[in-house]
1. Find me the longest stretch of the chain that has none of the exposed chymotrypsin sites (Phe, Trp or Tyr not before Pro), where exposed means in a DSSP loop (not H, G, I, E or B) with at most 14 other Cβ atoms within 10 Å.
2. When the Karplus curve 6.51 cos²θ - 1.76 cosθ + 1.60 is applied with θ = phi - 60°, which whole-Hz ³J(HN,Hα) does each residue of region 104-115 get, with x for Gly and Pro?
3. Expressed as a whole number of Å, what is the distance separating the alpha-carbon centroids of region 312-351 and region 53-79?
4. Apply the Karplus curve 6.51 cos²θ - 1.76 cosθ + 1.60, θ = phi - 60°, to the phi angles in region 218-230 and return the couplings in whole Hz, x for Gly and Pro.
5. Hey, which aspartates and glutamates would be in cross-link range of LYS235, C-alpha to C-alpha under 18 Å, not counting anything within fewer than 8 residues on its own chain?
Amino acid sequence: MSLAGRIFKAGPLPDAAGTRRRDTWLTLAACALGGGLLWLAENQAGGYVVHMLTLSGLFVVLAVSYNLINGFTGQFSLEPNAFVACGAYVTALLTISPLEKEASFILEPLIWPLSVIHLPLLPALLIAGLCTALMAFVMGFPVFRVRGDYLAIVTLGFGEVVRVVANNAQSVTNGPLGLKGIAHLTNLWWAWGLAGATLFVVVRLVHSSYGRALKAIREDETAAEAMGINAFWHKMLAFTLSAFFEGMAGGLLAHLITTISPSLFTFFMTFNLLIIIVVGGLGSTTGAVLGAILFTFGGEWLRVVEEPATLFGLDIPGIPGMRMVVFSLILVGVMLFARQGILGRNEFSWRWLLARLGMGRGRA
């Protein structure tokens, strides 16, 4: 029997198995360290820092799930604001108490049975994720009849349709008045717990045969179909799974800011997510995580440029809106000098880190 035959019959080489065990233990240790840092931040950091860390966890969920359809599948989709809105409204309507609903719906009463339902956060999040995934599944049939720029236009239109419906469905969404009195239930553990679950599912999917098929569709959809890949159903898988996590993130966002209205879910939200995944690197989960964290904290760090300062004896007055100018210049610089984003399509790996630390062999 040939060497290749003995390998496939006997299983992976011992070195490969040992590498996987090492990576598993390092990942578990990193998760434990991350949990310790979250506990430390929750107990020692101020409320503002905790809020920003929680918000960054939600942006990680949104960026990683959005990158699945845009980065790995190569479908230029502009619908996240619709899915986030769906998840936020469904979760809020399921968790707000009946008395609070009765007080909030002034113009028209909330329809039954939403008016009497009161669920804990976890089942409400799961129901919101499933409702959003169902909406994405239904949307997918007309959406994936087109490609490229036409796909972007269609998904953008669906996003606006959802926002307009939320603005006019008084008996369900309370119209422009929105929903108030939402309990502040989202904390660091909810946000980063969902981020961890999203990363686990997306990374496992990307490294499976389905993930390789998604990448083939991204590179050349016609050639992928010629190889026997059902491009439509693979795109539906990525679209539906992305919507599921975006809906759950929307539910946690609603319980973080405690009030929602249709004006919150405009195209500007989708535009921000598009910036995150493009700057981080389309097709890189690590880049999406890095981009989400930098985007969340970068906007706050740049507030210093709007404050009055003294430079070389000169008094410089604060200029409102200056941070957005600096932020735009940074984006232009990234696009000029890192056209594929900060990480391109590269991913973090323990082999790469150990090689950089001089503790093992590997390549960047």
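1. Values: sites that count: PHE312, PHE348.
Here the longest run is 1-311.
2. Residue by residue, region 104-115 yields 7, 7, 8, 6, 9, x, 5, 5, 7, x, 4, 5 Hz.
3. Computed from Cα coordinates, the inter-centre distance equals 20 Å.
4. So the Karplus estimates, Gly and Pro as x, are 4, 6, 6, 5, 5, 5, 5, 5, 5, 7, x, 7, 7 Hz.
5. Cross-link targets: GLU79, ASP149, GLU219, ASP220, GLU221, GLU225, GLU246.
Each reported figure results from applying straightforward, stated rules to the coordinates on display, with no laboratory input. All values derive from a computational prediction rather than experimental measurement. Heads up, the Cβs are rebuilt from the backbone with ideal geometry, glycines too, and the neighbour counts pull from every protein chain shown.
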